[in-house]
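Got a structure here, written out as structure tokens. Questions coming.
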Amino acid sequence: MSSHTQDAETRLTVRDIRRRKGAEPLVCLTAYTAPMAEILDPHCDVLLVGDSVGMVLHGLPNTVGVTMEMMILHGQAVMRASRRALVVVDMPFGSYEAGHETAYANAARILKETGAHAVKVESGPTVGETIAYLTRRGIPVMGHVGLRPQAVLAEGAFRAKGKRPGDYACVIAEARAAEAAGAFAIVVEGVAEPLAHQITAEVKVPTIGIGASAGCDGQILVTEDMLGLFDWAPRFVRRYAELRSEISAAVAHYARDIRARDFPAAAETYFAEADGCGTGG
Ligand code: KIV
């Protein structure tokens with residue numbers, strides 16, 4: 001069986017994700033590398049190759065410096081190691097805002113070069129038309145409303161939205177525009193609970209919350225945040241592991257063993273064979 005046939009038989013599709021509106025909550029996480037994708041895939045409905053990769057893996061201060069090449073390399077790694085989850089790749093800042101045709105060329109390049117199933121765009125006030133241009137030409141698009149990390153330079157900080165009811169209208173308008181333009185699901189980031197409920201009630205596609213309460217149709221977190229890889233994480237993150245301290249303790253142990261000449265021991269050593277020149281492993 002070719003890997004394409006197998007993929008078609010086992011993968012969740014955008015239609016499967018869309019049908020989960022109001023049903024079993026969607027389980028979503030970010031993934032950027034093959035080993036992590038392999039671990040997450042059996043448990044997740046959606047793996048998002050988020051542009052948060054710039055901050056999480058590359059040490060950038062925000063997502064503005066993330067490039068198409070970074071998204072494509074990480075998207076390829078995640079596709080190689082996953083079988084079941086729908087894989088969505090973020091379109092990086094500057095790859096879709098200037099015009100519909102550039103957005104189409106970049107989205108098509110991401111899908112062709114990674115094999116991923118959909119792209120995500122941060123749906124600011126002007127992006128609805130771009131989403132429509134892409135979806136009408138066969139590119140599945142996930143929207144992203146509320147706190148939009150790519151707007152950090154314009155907004156001056158990562159700020160939660162909708163804490164005052166007067167702020168609801170523009171976020172709801174962005175979500176409606178993304179839905180009307182054909183987005184199959186919408187990430188809702190950093191919004192107060194009543195606004196998350198209202199958006200979820202008003203759009204017919206699933207909402208996927210991050211820092212947006214239990215009022216959404218699914219949830220997503222940055223995997224490294226929920227695994228406790230960083231000292232700091234936003235308050236909406238629940239830490240399911242403390243990998244930072246576990247890794248630090250493991251590396252301290254390794255360093256102690258080397259300094260005490262306790263590593264490598266006999267079991268970790270190749271010995272010469274009795275005669276001849278051994279070539280085996
Ligand atoms: O880039 C990312 O990881 C995201 C999620 C936080 C939704 O957009």
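Among Phe236, Phe271, which comes first, then next, by fewest other beta-carbon atoms within 10 Å?
Phe271, Phe236
Identify the residues of the range 206-225 with backbone N under 13 Å of a label point that sits 7 angstrom from the Cα of Glu193 along the Cα-to-Cβ direction, or state none.
Answer for the range 206-225: 212-216.
Still on this structure, I have one more. Per-residue counts of other Cβ atoms within 10 Å, averaged by peptide: what ranking do you get for 110-123, 193-206, highest first?
110-123, 193-206
For a quick check: with amide H placed at 1.01 Å from N, whose amide H comes under 5 Å from Gly209's, ignoring anything fewer than 5 positions away on the same chain?
Amide H neighbours of Gly209: Val188, Asp217, Gly218, Gln219, Ile220.
Divide, for the range 132-281, the radius of gyration over alpha carbons by 2.2 N^0.38 Å, where N is the residue count.
Normalised Rg, Cα atoms only: 1.69.
Could you compute the FRET efficiency for Arg83 and Ser245, with r as their C-beta to C-beta distance and R0 at 35 Å, rounded to 0.05?
0.65
Same structure, new question: Obtain the nm distance between the two label points defined at Thr102 and Phe158 by a simple spin-label model: each point lies 7 Å from its Cα along the Cα-to-C-beta direction.
2.6
Which value at 222 nm does the chain reach when only helices count, each DSSP H run of 4 or more adding -39,500 (n - 2.57), with the total divided by all residues and rounded to the nearest 500 deg cm²/dmol?
Rounded to the nearest 500, the figure is -11000 deg cm²/dmol.
Taking the alpha-carbon distance from Lys161 and a cut-off under 27 Å, which lysines remain once sequence neighbours fewer than 8 residues away in the same chain are dropped?
Lys21, Lys120, Lys204
Which far-off residues, 5 or more places away or on another chain, put their amide H under 5 Å from the one on Lys161, with H placed in the peptide plane?
The answer is Leu147, Val191, Ala192.
Still on this model: May I ask you to derive the relative contact order of the chain, considering only C-alpha pairs under 8 Å and at least 6 residues apart, and to give it as an integer percent?
15
Would you mind computing Rg(Cα) / (2.2 N^0.38 Å) for the chain, counting N as its residues?
1.16
May I ask for the percentage of alpha-carbon pairs in the range 72-182 that lie more than 20 Å from each other?
Across the range 72-182, Cα pairs with separations above 20 Å total 43 percent.
Follow-up question, since we're still on this one. If you take the square roots of the eigenvalues of the alpha-carbon gyration tensor of the range 192-281 and sort them as a ≥ b ≥ c, do you get rounded (a/c under 1.5), prolate (a/b over b/c) or oblate?
oblate
Coordinate-derived values only; no laboratory data. Please read these numbers as outputs of a predicted model, since none were measured by experiment. No Cβ is skipped: glycine too gets one built from the backbone with ideal geometry, and neighbour counts run over all protein chains shown.
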